[in-house]
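The block underneath contains the structure these notes are about, expressed in structure tokens.
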Amino acid sequence: MTDQIAPPRPAETLSSPFGPGWTSAAIAVHSVREIATPLLMQLDVAEHGSIVIDFRHHAFAWDRAVTTFPAAPSSVSVYTQTVSESTPSPFPLPGYDLDPLLWFVGLNSFASERASWLRPDERYRLLRWPNLTGLRHSIDQMRMIALLSNSSLTPSELASAVQTSPAEAQRLVNALSLMGILRVSTDVSAPLTRPRTATRQESSLFQRLRKRLGL
């Protein structure tokens, strides 16, 4: 990372049935976010350099633009380093906001299957708007984010409401979950039924989302 901190150590080896790529990195990121001990993380991406993450500041550093994110690298090696709250960050702050990086990692892991920490039939609702300013998004992704800001939905309900594929809905839920911005509900007693045409409220949410994303 830099000479400000000790060299990082390899994280625990994480086997993945989804092959090489971002899945093991996603599992490692989620695990780090679940513990209280401050950690730094380094992701060595084959042919794309190293990404350094400082979770204390919700920031990362990379010598490449996040918009050039490689969807399917041949390998991603994960390293972690325990630090204290007072340890200097290994890169100049504020760095880059972590949301866009975790968005891409989440979208491109688990081969569009459910993330390993999620459970069948859970419903999800947005806790806050993601910071995805300047990134390209599909119309379906924007509509799904808008719906999750107003409703608790399963991925299958989300796909049905937007009339997109279950795989695309699951990818989006994986990404937002990795970012830590979903509220989880296990109440599955009332399945969602929605009309095919968007309501006025949904249209308003969609317009607000476009404005927030700078589109």
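Laboratory data are not the source of any read-out in this text; all were calculated from the coordinates shown. The structure displayed is predicted, hence computed values, not measured ones. Every residue, glycine among them, receives a Cβ derived from its backbone with ideal geometry; neighbour counts consider all protein chains shown.
Can you order the peptides 27-33, 97-103, 72-78 by their average number of other Cβ atoms within 10 Å per residue, highest first? Please list the in-between numbers first.
Numbers: 27-33: 19.6, 97-103: 21.1, 72-78: 15.1.
Per-residue mean Cβ counts within 10 Å order the peptides as 97-103, 27-33, 72-78.
So what's the gap between the Cα centers of the stretch 38-87 and the stretch 99-139, to the nearest angstrom?
Taking the Cα centre of each part, the stretch 38-87 and the stretch 99-139 sit 18 Å apart.
Counting other beta carbons within 10 Å of each residue's own, what order do Thr87, Thr23 fall into, fewest first?
Working: Thr87 16, Thr23 24.
By the 10 Å Cβ count, ascending, the order reads Thr87, Thr23.
Quantify how much of the Cα-Cα distance distribution of the stretch 54-124 extends past 14 Å, in percent.
Numbers: 1753 of 2485 pairs.
Pairs farther apart than 14 Å: 71 percent.
How big is the shadow of the Cα convex hull of the stretch 9-97, averaged over all directions, in nm²? If you can, show how the numbers build up before the last one.
Working: hull surface 23.4 nm².
One quarter of the hull surface, i.e. the mean projection, equals 5.8 nm².
Considering amide H positions built from the backbone, and no H for Pro or chain starts, which residues 5 or more places from Leu126, or on another chain, come under 5 Å of its amide H?
For Leu126, the qualifying residues are Ser149, Asn150, Ser151, Arg183.
As a footprinting exposure proxy, order Asp121, Asp44 by other Cβ within 10 Å, with the fewest listed first.
Numbers: Asp121 11, Asp44 16.
With the fewest neighbours first, Asp121, Asp44 line up as Asp121, Asp44.
Once you put a point 7 Å from the Cα of Ala65 and another 7 Å from the Cα of Trp117, both along the Cβ direction, what distance in nm separates them?
For Ala65 paired with Trp117, the spin-label model returns 3.0 nm.
Apply the Karplus curve 6.51 cos²θ - 1.76 cosθ + 1.60, θ = phi - 60°, to the phi angles in the stretch 87-93 and return the couplings in whole Hz, x for Gly and Pro.
Here the 3J(HN,Hα) series is 5, x, 5, x, 9, x, 7 Hz.
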